[in-house]
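Peer 1: Attaching a single structure in structure tokens format; questions to follow.
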């Protein structure tokens, strides 16, 4: 019998982040996550393939959103600005998740296996952005360079965003992305 | 008894790349590499910690060279140009190694474990370049962005360089680095 559980995915994610933070990622089991969330292991596995996916499904959703926004960007927009606009557009989806993002970053940074996975995900994100640009007619190496530049901008902005507290009146992720892109443009212009 | 073996490191590297290419990285043992090179396992382990290091010691040497060149760059050189100049300066060290580099790329691309290692090495390279820039007084995020941009430029140039054959009269790695940096500057300028 399958019972509908309100916001099971969100509850599982919260429980997992709590437990990873408290006792470490390696020491946490799926059974414990399900228990903390007041759900069954079976429910866990309806939402996530394994305990690692809890930390990475968001990155996949983000990548899909970015690719869609790039595809829909106005014709003639320079590739770097199509990437910048897509990053700003998806930033809104993350804005409410700053505390979760901060917890997640701390867990990933503390676990070599997860750091490796994060690098793979970022490489995959860069490849996906380059692919989306190519489908707009952007040739290589411009597509690859704009994609890599976009990932660098996103990493810098995300890092700043998670290091601000949500109620400090800090900048939004979208603002930080715009600012980091402006800084990249200044840096590459040799300023 | 330790016998001096002329160019043991180079012979071991050649033998390893041959074997990785012929039978796959996973299927190759250190004993086989040493045998193919006409050397002992003991000699292998005097030069390399394990069979993976054969593929990555060059990256480490490259990183150290880049950091030194950035440290010695003229004061006042914009960070992106300090990085660009360092990449061009070390390109000369690689110029004779194009065939080896191509063999290596094919092996890394075919082996997920090695691809992950490559991503880790590139992240470490970016962090090292950013550190070298900070020691020149460059602040963040400019240091991080210039370093990430430099790694992207190097990857694009290296990829092009290894896909040209050595005797096709193609461009040198240094030329391709200069060209890729110019392309990055054009991309981030929105052209």
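Peer 1: Between copies, how far apart are the residue A:106 label points? List them in nm, one decimal, shortest first, with each point 7 Å from Cα toward Cβ, please?
Peer 2: Spelled out, the distances from residue A:106's label point are 4.9 nm.
Peer 1: Let me ask you something else. For a test of the definition: using alpha carbon positions, the gyration tensor, and the 1.5 limit on a/c, classify the protein assembly as shown as rounded, prolate or oblate. Provide the component values of the computation, followed by the final result.
Peer 2: On the way: a/c = 1.96, a/b = 1.28, b/c = 1.53.
Taking the square roots of the gyration eigenvalues as a ≥ b ≥ c, the protein assembly as shown is oblate.
Peer 1: Helix B:112-134: angle to the longest alpha-carbon principal axis of chain B, degrees 0 to 90, nearest 10?
Peer 2: Long axis of B:112-134 versus the principal axis of chain B: about 40 degrees.
Peer 1: When the expected Rg is taken as 2.2 N^0.38 Å, what fraction or multiple of it is the alpha-carbon Rg of chain A?
Peer 2: 1.13
Peer 1: Can you tell me the orientation of helix B:173-188 relative to chain B, as the angle in degrees between its alpha-carbon axis and the longest Cα principal axis, to the nearest 10?
Peer 2: So the inclination is approximately 40 degrees.
Peer 1: Sort A:140-146, B:143-149, A:158-164, A:16-22 for me by packing, meaning the mean count of neighbouring Cβ atoms within 10 Å per residue, highest on top.
Peer 2: Details: A:140-146: 23.3, B:143-149: 26.7, A:158-164: 17.7, A:16-22: 19.3.
The densest-packed peptide leads the list: B:143-149, A:140-146, A:16-22, A:158-164.
Peer 1: Please pull out the direction-averaged projected area of the stretch B:95-191, using the convex hull of its alpha-carbon atoms, in nm² to one decimal place. Let's see the in-between values first.
Peer 2: Working: hull surface 29.8 nm².
Averaged projected area of the stretch B:95-191's Cα convex hull equals 7.5 nm².
Peer 1: How high is the relative contact order of chain A? Use alpha-carbon pairs under 8 Å, at least six apart in sequence, and give a whole percent.
Peer 2: Values: 167 pairs, mean separation 41.4, N = 191.
Averaging sequence separation for qualifying contacts and normalising by length gives 22 percent for chain A.
Peer 1: Right, another one. What gaps in nm, shortest first, separate residue B:159 from its twins in the other copies when you place the label 7 Å past Cα toward the beta carbon?
Peer 2: 2.3
Peer 1: Still on this structure, I have one more. Would you mind listing the distances between the residue B:95 label point and the same position in each other copy? Use 7 Å along Cα-to-C-beta, nm, one decimal, shortest first.
Peer 2: Counterpart label points of residue B:95 in the remaining copies fall at 5.4 nm.
Peer 1: Across the residues of A:117-124, average count of Cβ atoms on other protein chains within 10 Å?
Peer 2: Working: counts 1, 2, 6, 5, 0, 2, 6, 0.
Going residue by residue through A:117-124 and averaging, the value is 3.
FYI, it's all coordinate maths here, none of it is from the lab. What you see is a predicted model; the values in this text were computed from it and never measured. Cβ coordinates were reconstructed from backbone atoms using ideal geometry, including for glycine residues, and neighbour counts include every protein chain displayed.
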